[in-house]
Amino acid sequence: MKTLAFLALSAIASAAMATGPVSSSPDISITGNSTQSASLTSVAVRNNSTGSKSEAFQNLATNTGNVTISGNSTQSVSGRGGSVTNTASGSDAYASQNLSTNLGEVTIGGNSRQTTTLVNATLTNLSSGSNSKAVQNIASNNACFTCQPTRTSSGGGYGGH
């Protein structure tokens with residue numbers, strides 16, 4: 001029940017969330033202030049992806065992609081107990097975990113406040129397999145496009161930007 005309540009809260013709190021800052025991401029424009037928060041108590045938040053070229057994107061109170069906020073932005077994740085886990089396994093796997101983060105092309109016209117406070121909790125981001133990559137951002141800004149998954153040399157694959 002707690003997990004279901006958290007998932008509902010996450011869906012509401014992360015209204016400005018997209019799957020990742022790739023070229024197919026929609027533009028998100030917020031014409032006022034933006035507040036995103038997730039409050040966790042003794043819950044397990046898990047995101048897992050397995051297989052070749054698997055991708056696991058986990059975003060809590062995060063702006064990701066091409067986002068414009070004309071006002072102030074507040075992003076907050078707080079928790080006590082439990083765990084937040086994101087894993088991708090397989091060759092060319094990619095795991096991206098973001099808490100209270102701006103990731104990609106995020107423009108904020110006002111002030112930005114990002115906080116993550118976890119007490120007696122475990123935070124894990126893991127990518128395993130050949131050529132795998134794990135990127136974890138906590139209360140940060142990251143416009144590192146080389147940190148994102150890329151297409152394979154054969155033109156297939158995933159991600160891209």
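Throughout, read-outs are computed from the coordinates displayed, never taken from laboratory work. In this text the structure is predicted, and so the values were computed from the model without any measurement. Positions of Cβ are backbone-derived with ideal geometry, glycine not excepted, and every protein chain shown enters the neighbour counts.
What shape does the range 74-114 have by the C-alpha gyration tensor, where a ≥ b ≥ c are the square roots of the eigenvalues, rounded means a/c under 1.5, and otherwise prolate means a/b greater than b/c and oblate the rest? Judged from the Cα gyration tensor, the range 74-114 comes out oblate (a/c at least 1.5, b/c at or above a/b).
As a rough guide to protection, the peptides 34-46, 113-125 ranked by mean Cβ packing within 10 Å, highest first, stand as 34-46, 113-125.
Among rounded, prolate and oblate, which fits the range 37-108 when a ≥ b ≥ c are the square roots of the eigenvalues of its C-alpha gyration tensor, a/c under 1.5 means rounded, and a/b larger than b/c means prolate? Oblate is the answer for the range 37-108, as a/c is 1.5 or above yet b/c matches or exceeds a/b.
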